[in-house]
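Written below as structure tokens is the structure these notes are about.
The values are calculated or read from the model by the stated rules, or taken from the named source; none is laboratory data. Nothing here was measured: the structure is a model prediction, and the numbers come from that model. Counting neighbours? That spans all protein chains shown, and the Cβs are built from the backbone with ideal geometry, glycine included.
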Amino acid sequence: MLIRLGYDLRFDHAAPVPTVALLNVHPSRRDDLREPDRLHLDPPVPSEEFVDLFGNLSTRFIAPTGAIRLYGSTLIEDTGAVPPIDYGAREVPVGELPPEVLRYLMGSRFCEVDLLSATALELFGNAPRGWARVQAICDWVHQRVAFSYPHARPTRTALDVFTERVGVCRDFQHLAVTFCRCMNIPARYVTGYLGDIGVPRSPNPMDFSAWFEAYLDGCWQTFDARHNLPRIGRVLMATGLDATDVAITTSFGAAPLTHFEVTTDAAE
């Protein structure tokens, strides 16, 4: 299956603003690309690509005063299959985890492990270990948190989600990631494309999506507390501890967004 991916973002700056963009497909999917995956800047300004601490492909540049457009389009080949599900996947004891995975047990900006540990133990301490425990966490979050674009808030943390019981896709994943870490299951936040492929089309404008991965049986396995059902057409862009690490753009100064458009459709 071929999937057309694209984005068109526009900002208007009152002064030059250093910016880091995470808009490329993840390096792990590079071999699946059937067209170049380039970030275009209009007006053209010098830019530098680099791989960040989490292995994501990033681009840095100085956005000039006035309007700037960030846009790109590419074609990727996908299996058209849902991610494999290993129902028997076991939890890896903390003492056996690879050193680079340990960071995904710790608290972060949006995932307050210390504040939710007692709650997680009460809710999931008796759940079957391994894949079933992570799925129990997804079920709980999916059933008790209401999805609502009007209630989106960029500062909402996992504890806020637990208290308010409302949010958007990132909020669902932050709470699930936090609960996993509280139970000593490494979990990382994921952003990428997830179009309405194989499901009824949403009436809302297309957006980037969030899901998460839990480290079970020595590998990262895909979970999604918002949709909580197998979906096809996921295209990974970036992973991190939480949304801070995978922001589509990080601007070191005021950067009003004036236009936002995302495309992710099955190509004919």
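Hey, among Gly218, Gly195, which residue is farther than 28 Å from Tyr71 by Cβ and small (Gly, Ala, Ser)? The match here is Gly218. Residues of region 98-114 that are touching a helix residue (DSSP H, G or I) at 6+ places or on another chain (Cβ under 8 Å) and either of a type in the set (Val, Ile, Thr) or outside the structural domain of Ile232 (by TED's automatic domain parsing) (or both): Val113 alone. From the list Asp207, Asp245, the one residue that fits, being under 14 Å from Arg170 (Cα atoms) and crowded, with 20+ Cβ neighbours inside 10 Å, is Asp245. When Leu53, Leu2, Leu70 are checked against the criterion of being out of contact with any Cys (no Cβ under 9 Å at 6 or more places or on another chain), crowded, with 17+ Cβ neighbours inside 10 Å and among the hydrophobic types (A, V, I, L, M, F, W, C), Leu70 stands alone in meeting it.
Quick one: would you say Thr65 is modelled with pLDDT of 95 or more, in contact with a His (Cβ under 8 Å, 6 or more places away or on another chain) and closer than 25 Å to Ala255 by Cα? Yes, satisfied. From the list Ala176, Ala152, Ala120, the one residue that fits, being hydrophobic (A, V, I, L, M, F, W, C) and surrounded by fewer than 18 Cβ atoms within 10 Å (Cβ to Cβ), is Ala152.
Please tell me if Arg156 is outside the structural domain of Leu75 (by TED's automatic domain parsing), within 16 Å of Leu116 (Cα to Cα) and modelled with pLDDT of 95 or more. When the stated conditions are applied, Arg156 passes them. Among the residues making up region 87-97, a single one is out of contact with any helix residue (DSSP H, G or I) (no Cβ under 9 Å at 6 or more places or on another chain), assigned to a helix (DSSP H, G or I) and not charged (D, E, K, R): Gly95. Listed by position, the strands (runs of 3 or more DSSP E) contained in region 188-268 that have at least 2 residues being within 28 Å of Ser108 (Cα to Cα) and within 13 Å of the chain's Cα centre (by Cα) are 209-216, 219-223, 234-240.
Scoring Ala81 on the criteria (1) under 17 Å from Thr222 (Cα atoms); (2) surrounded by 13 or more Cβ atoms within 10 Å (Cβ to Cβ); (3) at pLDDT below 95 leaves a single failure, condition (2).
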